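Note sheet for the following structure.
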Amino acid sequence: MISRSERIGDVILTFDPDGHTYRTWMPGSVMDPAAAGQVVSSVTQILTAVYTPPPISRERLADLAEIGTAAHAGAEAVVRASIEAGRWLGPGEILDTVEALLALGVVQRSLLSAALAGATRLVRTARILDWEPLETERLVFSSRYRYAGRCDLIVRSRDGRRVLVDLKSGSAISKRDEAQVGGYALACREPGNPNIDDVAVLYLKIRRAANPRLYEIPRERAEERFTAALQAYEVDRALSFDRPNEEV
């Protein structure tokens with residue numbers, strides 16, 4: 001199933017959730033999945049291929065992924081509502097917004113607390129830092145390197161700088177997280193993408209009784225880390241195409 005078609009510059013992109021890839025189309029072409037649209041890797045796909053997953057069971061990884069997805073859904077919904085309201089939502093409004101996700105089937109009841117925690121912790125942090133919400137779930141596309149991704153949040157800081165913020169439900173900074181925000185930032189240097197000044201990762205610490213923590217990352221370092229991952233990804237793809245089929 002292909003969903004969410006969006007235009008960036010002269011290109012239309014659609015997202016394929018099954019392969020976690022994007023497909024490019026030129027405006028005016030037929031939006032037919034069977035047509036010869038170019039497949040573009042996602043930031044997540046690139047990093048998943050390059051970075052080794054943490055040494056925990058698949059079941060545990062699946063549980064953490066569900067919690068993270070619910071926390072992101074809650075945060076995204078509240079940011080969208082806050083942008084429409086022109087201010088950050090209050091506690092009661094946050095609760096109503098997150099419970100609406102349950103009614104829509106976006107979040108399961110067993111994960112409602114994770115969605116509420118993600119939304120509440122984000123808004124509390126944003127109020128402390130005096131952030132103004134500008135965009136959420138913004139699609140970015142690099143025509144130079146042929147990849148795409150969707151960044152969680154863009155805010156205006158109290159000193160007027162536009163900050164691209166990636167949200168994480170966990171608590172520990174990693175090289176992969178730096179590379180992920182670097183991939184979004186690198187694409188933003190190209191026309192058709194949002195203008196940003198800084199990048200950061202906000203750890204919401206959903207499963208811990210601790211305050212969220214913001215890591216401000218030098219943009220150039222994050223971009224270099226992603227570039228290195230992209231190069232490794234491309235080398236691995238080239239080698240896989242060159243490998244002969246093994247006879248059994």
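The values are calculated or read from the model by the stated rules, or taken from the named source; none is laboratory data. Please read all numbers here as calculations on a predicted model, not as lab measurements. Cβ sites come from the backbone with ideal geometry, for glycine too, and all protein chains shown count toward neighbours.
Residues that are out of contact with any Phe, Trp or Tyr (no Cβ under 8 Å at 6 or more places or on another chain), in a helix (DSSP H, G or I) and either under 26 Å from ARG225 (Cα atoms) or at pLDDT 95 or above (or both) do not occur anywhere in region 10-33.
Here SER169 fits the description: modelled with pLDDT under 95, crowded, with 22+ Cβ neighbours inside 10 Å and in contact with a Gly (Cβ under 9 Å, 6 or more places away or on another chain). Number of residues in region 132-177 that are charged (D, E, K, R) and more than 18 Å from THR48 (Cβ to Cβ) equals 10.
Here VAL155 meets the list (1) modelled with pLDDT under 95; (2) hydrophobic (A, V, I, L, M, F, W, C); (3) in contact with a strand residue (DSSP E or B) (Cβ under 6 Å, 6 or more places away or on another chain) almost entirely, failing just condition (1).
Residue by residue through region 35-73, note down the ones that are among the small types (Gly, Ala, Ser), under 28 Å from PHE141 (Cβ atoms) and outside any helix (DSSP H, G or I).
Start the filter on region 35-73 by keeping residues that are among the small types (Gly, Ala, Ser), which leaves 35-37, 41-42, 49, 57, 62, 65, 68, 70-71, 73.
Okay, now just the ones that are also under 28 Å from PHE141 (Cβ atoms), so 35-37, 41-42, 49, 65, 68, 70-71, 73.
Residues satisfying the conditions are ALA35, ALA36, GLY37, SER41, SER42.
Scanning region 56-94 for residues that are loosely packed, with under 15 Cβ neighbours inside 10 Å and either at pLDDT 95 or above or within 15 Å of GLU135 (Cα to Cα) (or both) yields GLU84, ALA85, GLY86, ARG87, GLY90, PRO91, GLY92. Among the conditions (1) under 21 Å from GLY68 (Cβ atoms); (2) among the basic types (Lys, Arg); (3) in contact with an Asp or Glu (Cβ under 7 Å, 6 or more places away or on another chain), the only one that ARG144 does not satisfy is (1). Annotation: LEU102 fulfils all but one of (1) surrounded by 17 or more Cβ atoms within 10 Å (Cβ to Cβ); (2) free of Cβ contacts under 8 Å to residues at least 60 places away in the same chain; (3) touching a helix residue (DSSP H, G or I) at 6+ places or on another chain (Cβ under 7 Å); (4) not small (Gly, Ala, Ser); the unmet one is (1). Summed over region 196-232, residues that are surrounded by 12 or more Cβ atoms within 10 Å (Cβ to Cβ), at pLDDT below 95 and over 19 Å from the mean Cα position of the chain (by Cα) total 2.
Considering only residues that are assigned to a loop (DSSP other than H, G, I, E, B) and in contact with a Phe, Trp or Tyr (Cβ under 8 Å, 6 or more places away or on another chain), look in region 191-201 and name the one that is farthest from LEU129 (Cα to Cα).
Once the filter is applied, the top-ranked residue is GLY192.
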